[in-house]
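First the structure, in the form of structure tokens, and then the observations on it.
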Amino acid sequence: MSRKRKFKIMVISFLILIAVITLITWTVNKKNGKAEEREKYLHYHYVVDAYQLNYFYDGAQDIDQIVFSPTTATDEILNRWRNLADFSSLIDYPEEEIEQNDWLAVEEDFLDNFEHFKDVSIDMYDEAKGISSNRAIDEFFIKNYILYGSIADDNFMNVLIDLGFEESDG
């Protein structure tokens, strides 16, 4: 085989190798892009569920074109959050993000606050008159109360009533 023919075979082999690598890279990037888009989609829907938002696509169903719209349930969540932020300086309330309708930033603020929820729960029990905790207090007391209006137990309900967050049924 001549040198010229060997050189052509090497060049063609090299070009085929480059084409295969390019195709593999493109395929992997496309799969990663779809995985990232799916992850973003799931996060958006978590935010919609957590804050009881309505939403619609503004434009061509691009995930980044979702417009969120607060509901009455959203207002209740925000009222509970604001009341707790007024009670404790450890909890930040995302006034600006809410005004800008930036619910992804609101969620980030909520997650930033999460580390303080246990301390706030303890402070609430300490502040309430004559109510002691008969079980371990954790950060989920506050999380579940803000997002779902869920009361961990009767003692926590009594704390909320004593501090003026909730009204007594009787």
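The values are calculated or read from the model by the stated rules, or taken from the named source; none is laboratory data. Computed from a predicted model, the values in this text were never measured in an experiment. Cβ placement follows ideal geometry from the backbone for every residue including glycine, while neighbour counts extend to all protein chains displayed. Areas reflect the complete protein model, heavy atoms only, side chains present, ligands, DNA and RNA absent. Shrake-Rupley method; radii C 1.70, N 1.55, O 1.52, S 1.80 Å.
Among residues of segment 150-170 that are free of Cβ contacts under 8 Å to residues at least 60 places away in the same chain and part of a helix (DSSP H, G or I), those with a Cβ under 6 angstrom from a residue that is of a type in the set (D, E, K, R) and surrounded by fewer than 17 Cβ atoms within 10 Å (Cβ to Cβ), sequence gap 6+ or separate chain, pair up as D162/K129.
Does any residue of segment 6-26 turn out to be under 16 Å from the mean Cα position of the chain (by Cα), surrounded by 10 or more Cβ atoms within 10 Å (Cβ to Cβ) and either assigned to a helix (DSSP H, G or I) or modelled with pLDDT under 75 (or both)?
Of all residues in segment 6-26, those under 16 Å from the mean Cα position of the chain (by Cα) come to none.
There is no residue in segment 6-26 that is under 16 Å from the mean Cα position of the chain (by Cα), surrounded by 10 or more Cβ atoms within 10 Å (Cβ to Cβ) and either assigned to a helix (DSSP H, G or I) or modelled with pLDDT under 75 (or both).
Does S89 count as closer than 29 Å to F165 by Cα, modelled with pLDDT under 85, out of contact with any helix residue (DSSP H, G or I) (no Cβ under 6 Å at 6 or more places or on another chain) and open to solvent by 80 Å² or more (accessible area, probe 1.4 Å)? In short, no. Taking segment 99-118 as the range and being open to solvent by 80 Å² or more (accessible area, probe 1.4 Å) and charged (D, E, K, R) as the test, the residues that pass are E99, E108, D112, E115, K118. Of note, D123 does not satisfy the criterion of being touching a helix residue (DSSP H, G or I) at 6+ places or on another chain (Cβ under 6 Å) and modelled with pLDDT under 95. Close Cβ contacts (under 6 Å, 6 or more residues apart or on different chains) running from residues in segment 128-146 that are under 17 Å from I91 (Cβ atoms) to residues that are open to solvent by less than 10 Å² (accessible area, probe 1.4 Å) and modelled with pLDDT under 90 comprise F141/F156.
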